[in-house]
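Remarks on the structure that follows.
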Amino acid sequence: MTKLSVNINKIATLRNARGHNRPDVLQAARDIERFGAEGITVHPRPDERHIRYQDVRDLKGIVTTELNVEGNPTPDFLDLVREVRPEQVTLVPDAPDAITSNAGWDTLRHQGYLRDVVGELQQLGCRVSIFLDPDLALVEAAAQTGTDRIELYTEAYARGYHANREAAVAAYRLAAARAGQLGLGVNAGHDLDLDNLAWLHQQLPELAEVSIGHALICDALYLGLENTVQLYRRQLAPRAGSSH
Ligand SMILES: CC(=O)[C@@H](O)[C@H](O)COP(=O)(O)O
Ligand SMILES: NCC(=O)COP(=O)(O)O
């Protein structure tokens with residue numbers, strides 16, 4: 001079964017616009033879980049423009065599914081995850097001023113560094129995932145770091161989906177299959193939406209989890225949060241003939 005982890009960054013964006021506590025990020029996380037999500041994802045950025053470090057601490061106390069914390073393992077980020085010990089940490093090589101995530105790791109170049117970080121986070125009890133492009137050499141180098149999972153960066157898939165969905169998913173199928181052979185779990189995320197999610201899910205039998213934020217929260221403005229979470233979950237219904 002592929003799990004849906006809802007990224008609630010954009011709920012915090014809305015809250016921060018007024019400086020009060022509306023919408024309440026913690027209540028939204030509780031409700032999103034009640035509506036059927038199997039995880040909550042946050043990506044605290046150094047400027048705290050949406051999720052704040054304190055939100056991550058508070059979320060750890062109330063999330064009953066799995067908390068997935070994404071970010072670049074800077075000293076501040078590492079101090080936060082040492083304190084919070086979320087179920088999963090997803091390492092993302094974002095520059096401090098990135099508008100959103102715009103690249104995966106070069107796991108060949110940064111293999112030694114990633115191995116050290118992965119090892120430390122695993123010692124804390126966190127499952128670790130490395131965000132990367134669907135490239136076989138990068139997947140193989142990720143496996144050498146000892147990571148538990150990879151997260152396939154799906155921006156290119158989402159961009160290509162409407163023109164040619166077969167072509168758009170091809171590299172992702174190969175990368176996911178290679179990861180599976182190497183014993184790595186496979187997550188995916190970025191720009192997934194109600195149009196492109198079902199096809200990715202059908203084509204990647206290895207897919208353990210998707211994390212989705214921007215499009216899901218946009219859809220919720222029209223469709224309501226409960227309905228939207230359920231619509232996304234429906235795209236992840238077990239594949240025909242599959243026990244997963
Ligand atoms: C890691 C990733 O793919 C991102 O999509 C991310 O978590 C979203 O971050 P923003 O909400 O800051 O755009
Ligand atoms: N890891 C991807 C994520 O958490 C959400 O990405 P997006 O749906 O906001 O593009």
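We did not get these values from a lab; they are worked out from the coordinates using the rules stated. Small disclaimer: the values here were computed from a predicted structure and weren't measured. Cβ atoms come from the backbone with ideal geometry, glycine included; neighbour counts cover every protein chain shown.
The translational diffusion coefficient of the chain, from Stokes-Einstein at 37 °C and 0.692 mPa s with a Kirkwood hydrodynamic radius over alpha carbon pairs, comes to 183 µm²/s.
Inter-label distance, ASN102 to TYR222: 2.8 nm, where each label sits 7 Å from its Cα along the C-beta direction. Legend: ranking of residues HIS50, HIS214 from fewest to most surrounding C-beta atoms inside 10 Å; resulting order HIS214, HIS50. Per-residue ellipticity at 222 nm from helix content only, as computed over the chain with -39500 (n - 2.57) for each DSSP H run of at least four residues, stands at -13000 deg cm²/dmol. Karplus-based coupling profile of segment 45-53, in residue order and whole Hz: 9, x, 7, 6, 6, 10, 5, 9, 4, with θ = phi - 60° in 6.51 cos²θ - 1.76 cosθ + 1.60 and x standing for Gly or Pro.
From least to most packed, judged by other beta carbons within 10 angstrom and beginning with the fewest, PHE35, PHE77 follow the order PHE35, PHE77. Each of GLU120 and ARG34 was given a label point 7 Å from its Cα along the Cα-to-Cβ line. The distance between the two points is 3.9 nm.
Computed from backbone phi with θ = phi - 60° and the Karplus coefficients 6.51, -1.76 and 1.60, the 3J(HN,Hα) list for segment 181-193 is 4, 8, x, 8, x, 10, 10, 8, x, 3, 6, 6, 8 Hz; x is used for glycine and proline.
Please report how far the C-alpha centroid of segment 157-199 lies from that of segment 126-144, rounded to the nearest whole angstrom. Using only Cα atoms, the two centres lie 14 Å from each other. Computed 3J(HN,Hα) for segment 222-236, one whole-Hz value per residue from the Karplus formula 6.51 cos²θ - 1.76 cosθ + 1.60 where θ = phi - 60°, is 8, 9, x, 5, 4, 4, 5, 4, 5, 4, 5, 4, 5, 5, 9, glycine and proline marked x. Compared with the direct C-alpha span, the chain from ASN16 to ARG85 gains 22.3 nm at full extension, assuming 0.36 nm per residue.
With 0.36 nm allotted per residue and the present C-alpha distance subtracted, the ARG165-ILE62 stretch has 33.2 nm of extension available.
Each Lys and Arg Cβ is given +1 and each Asp and Glu Cβ -1; about its Cα centre, the chain then shows a dipole of about 440 debye.
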